[in-house]
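Following: one structure in structure tokens, then a few remarks.
The values are calculated or read from the model by the stated rules, or taken from the named source; none is laboratory data. Because the structure is predicted, anything quoted here is derived from the model rather than measured. No Cβ is skipped: glycine too gets one built from the backbone with ideal geometry, and neighbour counts run over all protein chains shown.
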Amino acid sequence: MLKNLVFVVMCLLSISVYAHTATDAEFSKIHGLELYNQFKSISALPYLKNAAEGGDHESQYYLGEALRRNKKYMTPEAQRAYEASASQGDLYAMIRLSQRGGDLCVQMNNCPSEQKSPMDWRKSALEAATKQAEMGDSEAMYLLYRLTGDEQWFERSAEGGYALSQYYLGAEYREGKGFFLTPAKRADVVERWMRASAEGGNPQGMLAYAAIQGRKQDWQTFRYWNEKAALTGYVSAVYGYGSYLAGQSPEYGFKEDLVTAYACISWVLEMDGGGGMKEFAQEELPQIAARMSTQQIKQSEKLLTEWKASRPPLSFFPDKL
């Protein structure tokens, strides 16, 4: 009886420890990615390391990214993180490892030892991406385009609904890609892809589509997509939306709302330097505050607290690859 009781207690303790560890690793991943996406790679490192040690392949990949970007070249620790991720089938890690031939470490002649050559990793990435693409994975199609430069995969990815591909394809057409009989035809194609990207949830696509509607003086649609982009937490959109609500560019038709404007700019300022937005927010926030009462500022602070609990964190949405 006593042995059975001890066994049950030990099992419960093991479950409790496992649950705590899993929760800790999950928190570390979420917070690490939040910091990374705010261009705070150094601050993200301890969190990403903790999550990566738990075996999460995405955390391992981002740990490799943070280490490599901080040092500007492939370090032994970054190499190990990428290899741990790639060994679990992470396509992004495979592609990064396949690109090592162009890394600064080659010029410095200090590249770390490797499990497989860049050519072997490229082969593995191609095989895995092709398999996923043939099953209809539009993100894998985009990665095949990045691996091979084959424009057909780029277009198939966009047609398949991958919002990032749609945004970049629209941007390339906007910058002169392809041949069109008239500028209007080109503009129609650009608008088509930016709208698809916006509706697919890409905040850059949202702002690009809003800009197109602004040029048409469709201010209602312009306002709608600017607000939608801000709701994703995209830093540029949050800052822009706050500025519009503070009265900037009144011709766009935003209703002045100093409480919400102050909350938006305050949130950007709280990032404390990530992405170079701090200076803009520092300059604008006092100008907004000068037009507000103490009560309004308190309302704004309360609103920002509510946002932090219910909205996605601020992010620059950097490309994963």
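Table for the structure above
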| item | result |
| --- | --- |
| Among residues of region 167-220, those that are among the charged types (D, E, K, R), within 25 Å of the chain's Cα centre (by Cα) and within 24 Å of TYR252 (Cβ to Cβ), counted | 5 |
| Cβ pairs under 7 Å, 6+ apart, first in region 117-134 and under 21 Å from ARG80 (Cβ atoms), second of a type in the set (Gly, Ala, Ser) and not in a helix (DSSP H, G or I) | ALA128/GLY89 |
| Spans of helices (runs of 4 or more DSSP H) in region 258-321 with at least 2 residues among the basic types (Lys, Arg), touching a helix residue (DSSP H, G or I) at 6+ places or on another chain (Cβ under 6 Å) and without any contact (Cβ under 8 Å) to a residue 40 or more places away in the chain | none |
| Qualifying residue in region 209-216 (condition: touching a helix residue (DSSP H, G or I) at 6+ places or on another chain (Cβ under 6 Å), more than 22 Å from ALA158 (Cα to Cα) and modelled with pLDDT of 95 or more) | yes |
| Residues of region 186-219 that turn out to be outside any helix (DSSP H, G or I) and either of a type in the set (A, V, I, L, M) or in contact with a Gly (Cβ under 9 Å, 6 or more places away or on another chain) (or both), as a count | 1 |
| Hits in region 63-82 (condition: farther than 22 Å from LEU144 by Cβ and not basic (Lys, Arg)) | LEU63, ALA66, LEU67, ASN70, TYR73, MET74, THR75, PRO76, GLU77, ALA78, GLN79, ALA81 |
| Subset tally (residues that are farther than 17 Å from ALA230 by Cα and exposed (fewer than 15 other Cβ atoms within 10 Å of the Cβ)) for region 267-295 | 13 |
| Some residue of region 225-245 being assigned to a helix (DSSP H, G or I) and of a type in the set (Lys, Arg) | yes |
| Meets criteria (small (Gly, Ala, Ser), within 21 Å of ALA210 (Cα to Cα) and under 23 Å from the mean Cα position of the chain (by Cα)) for ALA158 | yes |
| Cβ-Cβ under 9 Å pairs, at least 6 apart or on other chains, region 64-79 side among the acidic types (Asp, Glu), far side modelled with pLDDT under 90 and surrounded by fewer than 23 Cβ atoms within 10 Å (Cβ to Cβ) | GLU77/PRO112 |
| Residues within region 244-267 that are closer than 18 Å to GLY233 by Cα and out of contact with any Ser or Thr (no Cβ under 9 Å at 6 or more places or on another chain), tallied | 2 |
| Segments classed as helices (runs of 4 or more DSSP H), wholly inside region 90-183, with at least 2 members that are modelled with pLDDT of 95 or more and surrounded by 15 or more Cβ atoms within 10 Å (Cβ to Cβ) | 91-98, 118-134, 138-148, 151-159, 163-174 |
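To keep it simple, each residue is scored yes or no on (1) within 16 Å of ARG311 (Cα to Cα); (2) crowded, with 23+ Cβ neighbours inside 10 Å.
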position: PRO203; (1), (2): yes, yes
position: TYR209; (1), (2): no, yes
position: ILE212; (1), (2): no, no
position: ARG215; (1), (2): no, no
position: ALA237; (1), (2): yes, yes
position: TYR252; (1), (2): no, no
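Yes/no matrix, rows are residues, columns are (1) among the aliphatic types (A, V, I, L, M); (2) farther than 25 Å from LYS228 by Cβ:
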site: TYR145; (1), (2): no, yes
site: GLU159; (1), (2): no, no
site: TYR168; (1), (2): no, no
site: THR182; (1), (2): no, yes
site: VAL190; (1), (2): yes, no
